[in-house]
Amino acid sequence: MALLALAACNQNLTMSDQKKGDEWERSQLFRNGRVVQESPAGTVATDADTRSLADQRPPMSLALVKRGQQRFDIFCSVCHGYTGDGDGMVVQRGFPRPPSFHSPRLIAAPDQHFVDVITNGHGVMYSYADRVPVADRWAITAYIRALQKGAR
């Protein structure tokens, strides 16, 4: 009897153990015979990243700049340095030097440029879209602007 009880243990299949349908194969599960189903009419995406990045720009505030400094120190300073001069720790160890945020080109760049670069990457910088939420991208941009103004 105990052996029968032990045989029944661990019968819960996880999602990784279940059969998955290939998106192009036929399915008996749905009337239309397709694995991939269309969203119901009137469905609205709720993911914040689906709105345009410009529409998500928060109002400028001291709290935003402070949040930006915190996020900059974590994600950006390794390459860009704490002052934005492009002399971060990885540069000191031989990696390519990023442009200084104090260059005339980046001082003149629109704020959207920084958000786009954080989102999509640029040159040897890879995208941070999966690590830095949209609101924090704007906060980092606000802090970059504060660094630029402080250096003048």
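Every read-out reported here was derived from the displayed coordinates using simple, explicitly stated rules and does not represent laboratory data. Every value quoted in this text rests on a predicted model; they were computed, and no experiment measured them. Because the Cβ atoms are built from the backbone with ideal geometry, glycine has one as well, and the counts that use them run over all protein chains shown.
What to note about this one:
- Extension gain from Ile107 to Gln28, taking 0.36 nm per residue of separation minus the Cα-Cα distance: 22.6 nm
- Note on region 71-151: Kirkwood radius taken over Cα pairs, Stokes-Einstein applied at 25 °C and 0.890 mPa s, translational D equal to 195 µm² s⁻¹.
- Trypsin sites (Lys or Arg not before Pro) lying in DSSP loop within region 120-149, provided at most 15 other Cβ fall within 10 Å: Arg131
- Using C-alpha pairs under 8 Å with a sequence gap of at least 6, the mean separation divided by the residue count of region 71-151 gives a relative contact order of 25 percent.
- This ranking places Tyr126, Tyr82 by how few other beta-carbon atoms lie within 10 Å of each, fewest first, which gives Tyr126, Tyr82.
- Estimated FRET transfer efficiency when R0 is 25 angstrom, pair Phe95-Ser61 (beta carbons, to 0.05): 0.15
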